[in-house]
Amino acid sequence: MASPSSPIAVITGISGGFGQPFARVFSENGFEIIGISRHEPEIPIGHHIAADLTDSTALPALVEQINQLTNHVDVLILNAGIGLYDGWEEMNETELRALMELNFFAPVTLARSLLPSLKKVNGTLVTVSSVAGVLPVAYMGAYCASKYALNAFSDTLRAELIGTGVHLLNLLPGRINTGFSTRAFGSRTPPETPFAGSPERLARAAFRAYKKKKRQLVYPGWYRLLPFVQHIFPGFYDRASKGKWKT
Ligand SMILES: NC(=O)c1ccc[n+]([C@@H]2O[C@H](COP(=O)([O-])OP(=O)(O)OC[C@H]3O[C@@H](n4cnc5c(N)ncnc54)[C@H](OP(=O)(O)O)[C@@H]3O)[C@@H](O)[C@H]2O)c1
């Protein structure tokens, strides 16, 4: 059982590249952590729950385990996710469905199930989306679709929760060095970028955005320019989006 007086952060994808610094930053600021992933995280956290979030039949039991640990959630960070690098014509249907389970259905189910615990303490729901949720990228269409859907969920839920005290923060990271692309589904290898961000900086920026009750955070900040480029020069953008991949 978590301490009834501590602020509680529930974080999915706790064993991964963002999960670990999220846990560190929130712990340093007095939060007790309940973390979810299939594998045990390397850094010790308060409570780890092993769960496969692509298994929709296992989600009610996971919610029950969280509710047994705590009756309030101050911050719910829906962070677990996976990439898929393939064109629409070539991608594997099983991987496409697993991607949507992890990147869209699992966060939606967890958010809906834990809203009563967030409402008790005017908590914050943090969705970890991506710049790929506001920008089409060739050969990442399935991943883009999952994050566009997650953005729509976050932005509409925010409006519906006006007056409840629950705040929504949507994180839109660009490429960040976590090894994420090496764990992705699909057969293509994404092009390298020399401008990747750092997971620690993202976690600190996310904590500041949480404290300031921001609606959205794009990190690294220069990624904010890309949707304008796509909007103003769509043909050029499409050719560049395809052209950067080796065929
Ligand atoms: N890194 C980037 O460049 C980048 C950019 C934009 C957005 N994002 C988004 O940021 C989030 C975190 O990315 P990351 O770089 O930290 O990824 P990561 O290092 O690959 O970590 C992914 C996390 O998700 C968990 N996970 C994967 N499959 C799971 C499953 N079936 N059930 C339960 N947990 C599962 C993994 O834990 P287990 O394997 O132990 O289950 C791990 O803790 C994702 O939503 C990603 O889409 C990442």
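Set side by side, the residues I14, I8, I49 differ, and just one is farther than 24 Å from R204 by Cβ, at pLDDT 95 or above and of a type in the set (A, V, I, L, M, F, W, C), which is I49.
When T178 is tested against (1) outside any loop (DSSP other than H, G, I, E, B); (2) within 11 Å of the ligand (Cβ to nearest atom); (3) in contact with a Gly (Cβ under 8 Å, 6 or more places away or on another chain), only condition (1) is not met. Every listed requirement among (1) without any contact (Cβ under 8 Å) to a residue 60 or more places away in the chain; (2) surrounded by 17 or more Cβ atoms within 10 Å (Cβ to Cβ); (3) within 13 Å of the ligand (Cβ to nearest atom); (4) assigned to a helix (DSSP H, G or I) is met by L53 save one, (4).
Of G87, G123, all but one fail to be in contact with a strand residue (DSSP E or B) (Cβ under 7 Å, 6 or more places away or on another chain) and more than 16 Å from the ligand (Cβ to nearest atom); the exception is G123. Hey, any hits in region 129-148 for a residue that's basic (K, R) and either at pLDDT below 95 or surrounded by fewer than 20 Cβ atoms within 10 Å (Cβ to Cβ) (or both)? There is no residue in region 129-148 that is basic (K, R) and either at pLDDT below 95 or surrounded by fewer than 20 Cβ atoms within 10 Å (Cβ to Cβ) (or both). The set of residues in region 158-184 that are out of contact with any Ser or Thr (no Cβ under 9 Å at 6 or more places or on another chain) and surrounded by 14 or more Cβ atoms within 10 Å (Cβ to Cβ) comprises R158, L161, T178, F180, A184. If we keep just the residues of region 10-31 that are in contact (Cβ under 8 Å) with a residue 40 or more places away in the chain, closer than 24 Å to R112 by Cα and among the small types (G, A, S), which is farthest from the ligand (Cβ to nearest atom)? So, considering only residues that are in contact (Cβ under 8 Å) with a residue 40 or more places away in the chain, closer than 24 Å to R112 by Cα and among the small types (G, A, S), the one farthest from the ligand (Cβ to nearest atom) is G19.
Reported count of residues in region 181-229, each being in a strand (DSSP E or B) and more than 13 Å from the ligand (Cβ to nearest atom), is 2. Residues in region 123-144 that are over 23 Å from I14 (Cα atoms) and touching a Gly at 6+ places or on another chain (Cβ under 6 Å): Y139 alone. For region 145-167, filtered to residues that are of a type in the set (A, V, I, L, M, F, W, C) and more than 13 Å from the chain's Cα centre (by Cα), the residue that is farthest from D86 (Cα to Cα) is I162. Going by the structure shown, is H48 in a strand (DSSP E or B) and either surrounded by fewer than 23 Cβ atoms within 10 Å (Cβ to Cβ) or away from the ligand (no atom under 15 Å from the Cβ) (or both)? The answer is yes for H48. Has region 104-127 got at least one residue that is surrounded by 18 or more Cβ atoms within 10 Å (Cβ to Cβ) and closer than 30 Å to G235 by Cβ? Checked region 104-127: at least one residue is surrounded by 18 or more Cβ atoms within 10 Å (Cβ to Cβ) and closer than 30 Å to G235 by Cβ.
Kindly indicate whether E101 is away from the ligand (no atom under 15 Å from the Cβ), under 23 Å from S187 (Cα atoms) and free of Cβ contacts under 8 Å to residues at least 60 places away in the same chain. Against the criterion (away from the ligand (no atom under 15 Å from the Cβ), under 23 Å from S187 (Cα atoms) and free of Cβ contacts under 8 Å to residues at least 60 places away in the same chain), E101 does not qualify. Considering region 230-247, and only residues there that are among the hydroxyl-bearing types (S, T, Y) and in a helix (DSSP H, G or I), the residue that is surrounded by the fewest Cβ atoms within 10 Å (Cβ to Cβ) turns out to be S241.
The values are calculated or read from the model by the stated rules, or taken from the named source; none is laboratory data. All values reported here derive from a predicted model rather than from experimental measurement. Backbone-built Cβ (ideal geometry, glycine too); neighbour counts: all protein chains shown.
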